[in-house]
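Inspection log for the structure reproduced underneath, given as structure tokens.
The values are calculated or read from the model by the stated rules, or taken from the named source; none is laboratory data. Computed from a predicted structure; not experimentally measured. Because the Cβ atoms are built from the backbone with ideal geometry, glycine has one as well, and the counts that use them run over all protein chains shown.
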């Protein structure tokens, strides 16, 4: 699939369809959005340009020079300012997604597939992780490979706390790095517009659920309909071949919200 075709055909949050392709194409994750004037303290660009044209804005996490593991609890956007949350006390899930890609751009291959947010509880509080997987674009599909990097962000300030190399064994898996795990494309009968809409809503539902997940005392107060909506939307937009990695990395959250994996 030509790289220039992908960048020209980005639609709303994600995805591209190659010229002449009549079948479904593998949707990409959201591209960066330009912040409003009221977000003067926020990053100039949450995530770089789409994978086919992105060049690193900064190289804060060079795996070759830092033994494949980088700790940077005070990571800042390229403009040198400290990013400010769009809601009091925490960043939105979509912003964290974009910040993870932006801060990892110096180490993570441009064509890699980034997972959906994976919230975890730690001694220091809730953190949000993202797994970056090897990926090869092909007509109408993306061939997904093994995990390569794991990013951990603090949702209170958007800081990238950890970026490290990973292998399937880190998640209890034995996939061969030389072989693809499986293909990913738009679900049967789902248009790109519908996929984009579902993903946008899923990010919003993340934002409604995460405060309760972070505070175990409030976990029982989450509306059952909201949990059910998350389960439905997540099932429509996540990558089925990567289910074992979501299950391993985010077992506590996904069990809590009610997502079941094969």
Residue count, the range 189-198 (criterion: touching a residue at least 40 places away in the same chain (Cβ under 8 Å) and part of a loop (DSSP other than H, G, I, E, B)): 1
Given the condition assigned to a helix (DSSP H, G or I), touching a strand residue (DSSP E or B) at 6+ places or on another chain (Cβ under 9 Å) and under 30 Å from residue 107 (Cβ atoms), answer yes or no: does some residue in the range 170-187 qualify? yes
Has the range 144-167 got any residue that is within 16 Å of residue 27 (Cα to Cα) and in contact (Cβ under 8 Å) with a residue 60 or more places away in the chain? yes
Of all strands (runs of 3 or more DSSP E) fully inside the range 100-165, the set with 3 or more residues that are over 20 Å from residue 234 (Cα atoms) and in contact with a strand residue (DSSP E or B) (Cβ under 8 Å, 6 or more places away or on another chain) is 125-138, 141-154, 159-165
Restricting to the range 214-247, what's the tally of residues that are in contact (Cβ under 8 Å) with a residue 60 or more places away in the chain, within 16 Å of residue 128 (Cβ to Cβ) and in a helix (DSSP H, G or I)? 4
Which condition from (1) over 29 Å from residue 214 (Cβ atoms); (2) surrounded by 15 or more Cβ atoms within 10 Å (Cβ to Cβ) is the one that residue 174 breaks? (2)
Is at least one residue of the range 93-101 in contact with a helix residue (DSSP H, G or I) (Cβ under 6 Å, 6 or more places away or on another chain) and modelled with pLDDT of 95 or more? yes
Can you find, within the range 224-262, the residue that is modelled with the lowest pLDDT among those that are out of contact with any helix residue (DSSP H, G or I) (no Cβ under 9 Å at 6 or more places or on another chain) and farther than 27 Å from residue 149 by Cβ? 224
Take residue 212 and decide whether it is within 22 Å of residue 155 (Cα to Cα) and touching a helix residue (DSSP H, G or I) at 6+ places or on another chain (Cβ under 7 Å). yes
State the number of residues belonging to the range 95-112 that are closer than 18 Å to residue 170 by Cβ, crowded, with 24+ Cβ neighbours inside 10 Å and within 11 Å of the chain's Cα centre (by Cα). 1
Selected residue (criterion: nearest to the chain's Cα centre (by Cα)) from residues of the range 213-240 that are surrounded by fewer than 19 Cβ atoms within 10 Å (Cβ to Cβ) and closer than 26 Å to residue 175 by Cα: 238
Give me a count of the residues in the range 192-209 that are out of contact with any helix residue (DSSP H, G or I) (no Cβ under 7 Å at 6 or more places or on another chain) and at pLDDT 95 or above. 6
